[in-house]
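Colleague: The structure is given below, and queries will be raised subsequently.
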Amino acid sequence: MAIIKKELLQLWRDPRLLALMIVMPLVLLILFGVALKLEPDNVRMAYYDQDRSIFALNIRTHLWSEGYFDLYEVDSKQQITEEIRSGRAKAGLWIPETFTAELIENEQPHVTIFVDGTMPSLTTAMKYNSDSTTDSEVTHDMYFQEPDETPVVIAEDPFILDVEVLFNPGEKETWFFLPGVIGVLIMQVALILTGISVVREREKRTLEQLLVTPVSKISFVMGKVLPYVVIALLDFYFILAAGWLLFDLPQPSSHFLLFLLALVFVAVMIALGLLISLLAKTQQQAMFIAIFIIVPSILLSGFIFPLEAIPGSVRPLSYCIPFTYFVEVIRGLLIKHTLWQDLMIDYLALMGFAVLFVGLSIIKFKRTL
């Protein structure tokens, strides 16, 4: 009983740990119960309508009125693919110029829906919702039969809807999950290893020895960061090589851009881990804070749930998480082969996080106990 009392008193006298034990489950409950859903809405769809008839307009209007797709026009069929490759759109619609002519002749013209295959759950949802274009509400005015002519056999559907999955036509879930898993593992290693580095010095009473040396604040912070940057970079390529060998992950569009991504993301995570280490008083606190950052990062980054499925009131939080930008870039490099200029904003965001966390770590570090 005396030991039980001692443990409870120690816990009660550690308000940070107590707060994390209460706040973290509450936040996760809210995220799962309110903020997250598998069914996205307002998915951006680029369309190219070469026919521009009332029948083509009927298809577009129905897709828009359903509230699932947010349509905007582009200038060519090729641009639809580029819009999806860059991430500006998740789907595309192409109506050929012969649509009305073939429709009048009851020849079942083809309409093509393009979907982004880098996220299988989003792909399945888009394919399901795009099927609404062949509902009777859309097609009932598209049958042509002259009352005085000899009856002809009319197809069940006036036009055929083709769904083309881009970038991951086989819809391999490993291509979707593994690039993000690499980031999760690096985040876990970096935050936990670095998160306990300064706390360990404090608990082992070796921090005093460092403080009496003529080491500047910047040197101390960089000395703590750089070894873990090298370790995490090696870990990144070790995990990636395993993915290439075991799961046939596609090669990146640019190995230089992939290395730059690894370097910047590792720097962000190591700097954040060091900041946690400077804020926490015990290794236990540092571990809790690291877990508290990792779990929402997984849930809100688009790694598992599409960003389009996160309500607008919560979605701004996703863009405050470094892992969101990592997921976008690594899937772009490995699966879509996205162009450098389309990923530049994500790289700049990650660099901004690195500078912010290193700066806060330098400010937080004090040469006194």
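Colleague: Are there any helices (runs of 4 or more DSSP H) wholly within the stretch 261-368 with 1 or more residues that are of a type in the set (D, E) and either more than 19 Å from E201 (Cα to Cα) or out of contact with any Phe, Trp or Tyr (no Cβ under 7 Å at 6 or more places or on another chain) (or both), and if so which?
Modeller: Result: 322-331, 340-364.
Colleague: Could you check how many residues of the stretch 243-257 are assigned to a helix (DSSP H, G or I), touching a residue at least 60 places away in the same chain (Cβ under 8 Å) and either over 16 Å from F177 (Cα atoms) or among the small types (G, A, S) (or both)?
Modeller: Total satisfying the criteria: 2.
Colleague: I'd like to check something: does the stretch 218-230 contain any residue that is loosely packed, with under 15 Cβ neighbours inside 10 Å, modelled with pLDDT of 80 or more and under 25 Å from V295 (Cα atoms)? Step through it out loud before you land on a result.
Modeller: At the first step, the residues of the stretch 218-230 found to be loosely packed, with under 15 Cβ neighbours inside 10 Å are 218-219, 223, 226-227, 230.
Of the ones still in play, those that are also modelled with pLDDT of 80 or more are 218-219, 223, 226-227, 230.
Those still in the list that are under 25 Å from V295 (Cα atoms) too: 230.
Looking for residues that are loosely packed, with under 15 Cβ neighbours inside 10 Å, modelled with pLDDT of 80 or more and under 25 Å from V295 (Cα atoms), one finds at least one in the stretch 218-230, hence yes.
Colleague: Looking at the stretch 62-89 only, could you name the residues that are part of a strand (DSSP E or B) and among the hydroxyl-bearing types (S, T, Y)? Lay out the reasoning, then the answer.
Modeller: The first filter runs over the stretch 62-89 and keeps only residues part of a strand (DSSP E or B), leaving 69-73.
Once the filter is applied, which keeps residues that are part of a strand (DSSP E or B) and among the hydroxyl-bearing types (S, T, Y), the stretch 62-89 yields only Y72.
Colleague: So, of the residues in the stretch 203-217 that are at negative phi and open to solvent by 70 Å² or more (accessible area, probe 1.4 Å), which turns out to be modelled with the highest pLDDT?
Modeller: Restricting to residues being at negative phi and open to solvent by 70 Å² or more (accessible area, probe 1.4 Å), the top hit is P214.
Colleague: Does Q341 count as without any contact (Cβ under 8 Å) to a residue 60 or more places away in the chain, over 20 Å from V266 (Cβ atoms), open to solvent by 70 Å² or more (accessible area, probe 1.4 Å) and polar (S, T, N, Q)?
Modeller: Taking the combined requirement at face value, the residue satisfies it.
Colleague: Filter the stretch 22-56 down to residues that are modelled with pLDDT under 75 and loosely packed, with under 15 Cβ neighbours inside 10 Å and give me whichever is nearest to G67 (Cα to Cα).
Modeller: E39
Colleague: I3 fails exactly one of the following numbered conditions: (1) surrounded by 12 or more Cβ atoms within 10 Å (Cβ to Cβ); (2) at pLDDT 80 or above. What is the number of that condition?
Modeller: (1)
Colleague: If you go through the stretch 255-296 one residue at a time, how many are surrounded by fewer than 19 Cβ atoms within 10 Å (Cβ to Cβ), more than 16 Å from M351 (Cβ to Cβ) and over 20 Å from the mean Cα position of the chain (by Cα)?
Modeller: 6
The values are calculated or read from the model by the stated rules, or taken from the named source; none is laboratory data. Owing to the predicted nature of the structure, the values given are computational and were not obtained by experimental measurement. A quick note on method: Cβ atoms are made from the backbone with ideal geometry, for glycine too, and the neighbour counts reach across all protein chains shown. Keep in mind that these areas ignore ligands, DNA and RNA; they rest on the heavy atoms of the full protein, side chains included. Shrake-Rupley method; radii C 1.70, N 1.55, O 1.52, S 1.80 Å.
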